[in-house]
Each structure stands twice: as structure tokens, then as C-alpha cells.
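Every number here is computed from the coordinates shown, using simple stated rules; none is lab data. Small disclaimer: the values here were computed from a predicted structure and weren't measured. Here the Cβ positions follow ideal geometry from the backbone for every residue, glycine too, while neighbour counts run over all protein chains shown.
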Amino acid sequence: MSDELAYLSANDMIAAFRNKNLSPVEVAEASLARIEAHNGLLNAFCLVDNESALASARDSEARWAKGEPLGLLDGVPVGVKDLVLTKGWPTLRGSKTTDPDQDWDEDGPATARLRESGAVLLGKTTSCEFGWKGVTDSALCGITRNPWNPERTPGGSSGGSAAAVASGMVPLAVGTDGGGSIRIPCGFTGLAGIKPSYSRVPAYPASSFGALSHVGPMARTVADAALMLSVLARPDWRDYRAMPEDIRDWRDGIEDGVAGLRIGYSPDLGHAQVDGEVAEITARTAQTFVGMGAVVEEVSLDLAHAADCFRTLWFSGAASALRSMSEEQRKIIDPGLVEVATEGAGYSALDLLGAEQMRAGIALTMAALHQDYDLLLTPGLPIPAFEAGVEVPPGSGLTRWPEWTPFSYPFNLTGQPAAVVPCGFTADGLPVSLQIVGPRHQDALTLRAARAYEAVCPTTGRRPDL
């Protein structure tokens, strides 16, 4: 499979299908060959269904031959994170405690919308157990690795989706994000991704982590992420929290730029310790928006208290996820998850109510900031990707993954749209990312700003050497 085909965008694939310059079968065969070549090293997919994928691709080819595509993604290969229900395939959630021998007869909202659009589903991408941490490894699936350096983590928990997209196995993949699980791996692997506004993309069944959890697109370009969001964000009756129906093409207006916008920049959210190289790259990137016609000002913003709030809610969610597990099952669960769930089980109802009140205060702080600023820029992550197979950077003195993701989880608490785009590389060749945060429900503006930067980013188009 040539790099040109492997790294073709979803938007360009659709154009090639329409012009009959490329067949969905050719693309599916090439993607499957790419998985065969590189999955042994990267461990991006935990399930690949060649037969089903090629059958879907042949159906798509027939529709394009008649000029009758099903939808926006007809014929485009997609990977689905192994936390999202997919009819006909086990959804094991990265855990040995899930019985694969049961009826898998239902699609989650994301996979249902993808099928309805004609997307070619290739398989399930790896996740850590129940998506509980910011890296991707599990006793069930092993360690997932970063295409830019296989000794490093791709992040998590959507690390399999990130590794698949960054290595050219697929142009698009489904991610979930309860504390950064789309943005962390996109940041570590040089991808574009967005955690949409809370409930923009319907989800079912309800997550143990409650209203922290989001579903969204992971892609190599902002336009591809917007294209995928146009499919994922369509309504599903099974999510009672979902936003009112708002069917649109999220690519509309994406090229309108940022001229005239007021943008705040926080290098540390008032408390984060940021690697010097990352800080320099992201500060320089923030100033790029001035050249595009925006007003950029460094803002005084302290979200240090978000850490305790998130810890209470996230660890309680972990306790909920494990509450029905037997002692025998707990023996085969990730020990870190058991530790987190044990702490979470010790929180009281009053602790949870207190965390929710703190959460409301954080949301109010951000709403006040957006009275003066259209968008907020931050580093996507404070550090480059570290060694694969561990929860925290070795020698850092940190104990749990939220301690090195201070820019991610605050915006799960507030439910705001938050996108990441690659903005450079360290001297070691590892991606650095910029996070763009919009006011609640301003997903279109967030995507627009992400695309504006992508268009001028000097490292756009750089690929890992596989």
C-alpha cells in the first residue's frame, strides 16, 4: 500500500469515489493490507473482520457505480473503539471479565450512524480496560504503541484509534473522551480530534463515568473530523440526554478563519507544570493566530481545583464500573483500576454532591471567560509521549494519569467543545498539540479555529516513518 493511498483523507476518498478514480474495494483492500503490515507492532486493532469489510466495500462500490451513495462516508474505512457496541462483533471493553460468547446484536449510536452513512467498518480498536486511564494497555490486548516511536505510548484510552489513524490504517476512527481520551492520543500521535459539546454525539449504553463521557471523531485533518462529526452527531432515541436534533454538515463555514476573534491563551491553566520544549512550541503557535487577524491575549485563569473535582467524580465512576464484579473477576482486572475504584467506593453521597457543586463553579468560571473571549487556547498536553506500558512517566513522581493531563479533564467537567491539532514536534520527533476550547455548543467555531491553524501549520502533512 502506497503512502499516498494510506494517507488519503476521507474527504478526498469521497471525491475520488464520486469521480470514479478510486473504488471503495481498492481502499478497503489497501487498509486491510496496511493493518496486516503494521498491527503486529502497533497493536491498534484488537479485532479485524476482513470478510465483512470487503463485503461492505463491494456494496459501496455498487452504490457509487449507480451514483447513489448512502451518505457522507460511503466507502470510507473506519475503526471503532472497543468501548462502542458494534453488531456482530464482541465489545470486550479491553477486559478479560467480559464474556465474548453472548449475543452481540446491537449497534451503539455511533456505529449505527456510520453504517447508515455507508462507512466500511474494519474492526475494533484497542482501549485500556473500561477506558479508565490516559494510556492504552490491558491484560486482554497488551500494549498499544505510538507510530512516531513504538517505544512510546500513543496515549489513551482511545490509543488504538489514534495509532490506527496516525499509521495510515484508516482515515477515521471513533473515540470516546471522559477525561481526555480523544485529545490525549490525538495529541501524542499528531492527529486532529474534537471532544464535542457534551451530548452533541448520542451515546448508549450510559457510561459508568456519567456526564463526563463524550463520543467523537479522530482524524488526520480537521475537515475529516468535521465530516465524521456530521455523521456521529445525528440523533438517537436511546440517549435521553442528547441535544435536540441538529442535522448539519459541520464542514460548512470551516474555512472562514479567525479574523476579528478575541482569543485567550493560558499556558498553564494557573497550575500545570509544562515541559519547556512543549511550552515554547505552543506559545509560538498561539501567536500565529495574531497573523491570521485575531486578537490574542494571555489570560489569568486558575483551574487547579478542577483536579479534586475530577478525581472524586472519575474514581466514583470507576467504582460504579466494578461494583458488580466478583472477587475472582477483580483478580484479573488492571490493578490500577482496582485501586482507583476502591478509593472511589469510599466517597460519600455528600462528597459527590460537593464535587458537582464545584463542577458548576468551574463551568461558571469558563462561561465568564467566554464573555470576553471567543475561544481559549492551551497546550494540548504538558509533556511529549512517554514510555509505553506505564500509567505515568517513569521517574516523574506522579501516581495517577490525571496528574499529567491537566489541560484535558477540566473541559469534560464543563462539557465544552475542545479540539486538538498538531502544532509541531520536539527535537526527538514527537508531536506537540494545541488545544482550542470553545464556549458550550460552539463546536462549529472551535472547528473553524482548528482548521485556520491547520492551514498555516508548517508541519502539516508530516508522517511517521514506518
- Message: Output wanted: per-residue J couplings in Hz (rounded whole) for region 49-66, from phi through Karplus 6.51 cos²θ - 1.76 cosθ + 1.60, θ = phi - 60°, x for Gly and Pro.
- Response: 10, 4, 4, 5, 4, 5, 5, 5, 5, 5, 4, 5, 4, 5, 5, 5, 4, 8
- Task: Positive end of the charge dipole of region 3-456 (Lys, Arg +1 and Asp, Glu -1 on Cβ, about the Cα centre): tell me which of 291, 132, 199 has its Cα farthest that way.
- Result: 199
- Where a ≥ b ≥ c are the square roots of the eigenvalues of the C-alpha gyration tensor, would you call the chain rounded, which needs a/c under 1.5, or, failing that, prolate if a/b is larger than b/c, or oblate? rounded
- Task: Pull out a ≥ b ≥ c, the square roots of the eigenvalues of the alpha-carbon gyration tensor of region 239-317, then state rounded if a/c is under 1.5, prolate if not and a/b is larger than b/c, and oblate in the remaining case.
- Result: oblate
- What length, rounded to one decimal in nm, is gained on full extension from residue 273 through to residue 62, with 0.36 nm per residue of separation minus their alpha-carbon distance? 70.6 nm
- Potential extension, residue 338-residue 20 segment - 0.36 nm per residue separation minus Cα distance: 109.2 nm
- Query: Of the listed peptides 239-249, 265-275, 168-178, what is their order by residue-averaged count of other C-beta atoms within 10 Å, with the highest listed first?
  - Reply: 168-178, 265-275, 239-249
- Task: Express in nm, to one decimal, how much length is gained between residue 350 and residue 295 on full extension, taking 0.36 nm for each residue of separation and deducting their alpha carbon distance.
- Result: 15.5 nm
- Which distance in nm do the two modelled labels at residue 256 and residue 37 give, with both placed 7 Å along the Cα-to-Cβ direction? 4.1 nm
- Note on the structure: Quick calc, residue 50 & residue 247: beta-carbon distance into FRET formula, R0 30 Å, rounding 0.05, result 0.35
- One finds, for residue 320 and residue 459 with R0 = 51 angstrom and r their Cβ-Cβ distance, a FRET efficiency to the nearest 0.05 of 0.80
- Message: Nearest 5 percent is fine: what portion of the DSSP beta bridges confined to the chain is antiparallel?
- Response: 70 percent
- Task: Could you tell me whether region 361-429 comes out rounded, prolate or oblate from its Cα gyration tensor? Rule is a ≥ b ≥ c as square roots of the eigenvalues, rounded for a/c under 1.5, then prolate if a/b exceeds b/c, otherwise oblate.
- Result: oblate
- Note on the structure: For residue 81, the residues 5 or more places away or on another chain with a placed amide H closer than 5 Å to its own amide H are 125, 174
- For 131-140, 61-70, ranked highest to lowest by mean beta-carbon neighbours within 10 Å, the order is 131-140, 61-70
